[in-house]
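Let me begin by presenting the structure, written as structure tokens, before commenting on it.
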Amino acid sequence: MTFPWSFEWDVDLFESYDLVDCGDSPVAVGNLERTHEMVQAEIAKILDAGAMPLIVGGDHSVCVPGTRALSEHLGSDRKMGYVHLDAHLDAGEDIGGDYQTNCSGLVRAADLPNVSPENVVAIGARGTINVPDWWEAVKRREINVVTMSDVRRGGFEKTIAEALDQAWDGVDGVYVSFDCDVIDSAYAPGTTGPEPGGFTGPEIIRIGQMIGERGPSAVDNVELAPLYDPSNITARLVWEVLSQMLFANAKHNLR
């Protein structure tokens, strides 16, 4: 059980936001492209209503319709940034001829017409699943990648602040995609692609606060797999990250 008020922020989420559960998006079973079209339409409705979508999905391909919805909402004359929090680059040009997979989100976001590479930042990459083709795609597009080694060498707060500042620099909206496996597997075992060597619990919570202070336009959380975590610590950590993001955003807007 959790409550909407934070003693640290003195903010009540229900007083600060008109929170609405929009329910599940329709899904076309066996048809990824059609599913993405329907998900994009649902997210577009939320954006058009003047609200910030907080999308909770299992498959990381949800960021494809999510970024498309925000891109179209902003329009061709307004710039968009993209933050990719993930142990994996997800920079597959295509996977078996499919261009909208859970391993393609970073490059699909970078391909959007109002997204410039200087405003695309991937944070938390590590491990041996990041294949050469992904690195080549990232380099070709000049996408900014902040690896976990970069974070440890440069210092957590400074490195993350610089990365987020880059995504928000000169843009009119930012989409944030938060994959649970960006967190160290010791803190988040309940994910489909656990990787050691990631952010600790306190670090990912702080990242949530730093994002909230800047004001995201749309956020997703993906690859949460409670089945792998009977104690439910991963889900509780994810909620802490998202709620701290909202608390920080509310407090920033009240200043």
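Could you check region 110-133 and list, in sequence order, the residues that are open to solvent by less than 60 Å² (accessible area, probe 1.4 Å), out of contact with any Lys or Arg (no Cβ under 7 Å at 6 or more places or on another chain) and within 21 Å of VAL151 (Cβ to Cβ)? Once the filter is applied, which keeps residues that are open to solvent by less than 60 Å² (accessible area, probe 1.4 Å), out of contact with any Lys or Arg (no Cβ under 7 Å at 6 or more places or on another chain) and within 21 Å of VAL151 (Cβ to Cβ), region 110-133 yields VAL120, VAL121, ALA122, ILE123, GLY124, ALA125, ARG126, GLY127, ASN130. For region 76-87, does any single residue satisfy the condition of being in contact (Cβ under 8 Å) with a residue 60 or more places away in the chain, of a type in the set (Val, Ile, Thr) and open to solvent by 60 Å² or more (accessible area, probe 1.4 Å)? No, region 76-87 contains no residue that is in contact (Cβ under 8 Å) with a residue 60 or more places away in the chain, of a type in the set (Val, Ile, Thr) and open to solvent by 60 Å² or more (accessible area, probe 1.4 Å).
Against the list (1) open to solvent by 60 Å² or more (accessible area, probe 1.4 Å); (2) in contact (Cβ under 8 Å) with a residue 40 or more places away in the chain; (3) aliphatic (A, V, I, L, M); (4) out of contact with any strand residue (DSSP E or B) (no Cβ under 8 Å at 6 or more places or on another chain), the condition ALA137 fails is (1). Of all residues in region 60-75, one or more are more than 17 Å from VAL176 (Cα to Cα) and either part of a loop (DSSP other than H, G, I, E, B) or charged (D, E, K, R) (or both). Could you tell me whether GLU142 is open to solvent by 20 Å² or more (accessible area, probe 1.4 Å), at positive phi and out of contact with any Ser or Thr (no Cβ under 6 Å at 6 or more places or on another chain)? In short, yes. Pairs under 6 Å by beta carbon, first residue in contact (Cβ under 8 Å) with a residue 24 or more places away in the chain in region 1-22, partner assigned to a loop (DSSP other than H, G, I, E, B) and surrounded by 11 or more Cβ atoms within 10 Å (Cβ to Cβ), six or more apart or different chains? Here the result reads LEU13/PRO4, each pair linking region 1-22 to a residue that is assigned to a loop (DSSP other than H, G, I, E, B) and surrounded by 11 or more Cβ atoms within 10 Å (Cβ to Cβ).
Of the residues ASP59, ASP18, the single one that is surrounded by 14 or more Cβ atoms within 10 Å (Cβ to Cβ) and modelled with pLDDT under 95 is ASP59.
Among residues of region 16-43 being touching a Leu at 6+ places or on another chain (Cβ under 9 Å) and part of a helix (DSSP H, G or I), the one that is farthest from GLN100 (Cα to Cα) is SER16. Inside region 62-75, residues that are over 17 Å from the mean Cα position of the chain (by Cα) and open to solvent by 50 Å² or more (accessible area, probe 1.4 Å) make up a count of 2.
The values are calculated or read from the model by the stated rules, or taken from the named source; none is laboratory data. These figures come from a predicted structure and were not determined experimentally. Cβ coordinates were reconstructed from backbone atoms using ideal geometry, including for glycine residues, and neighbour counts include every protein chain displayed. Heavy atoms of the whole protein, side chains included, go into the accessibility calculation; ligands, DNA and RNA do not. Shrake-Rupley method; radii C 1.70, N 1.55, O 1.52, S 1.80 Å.
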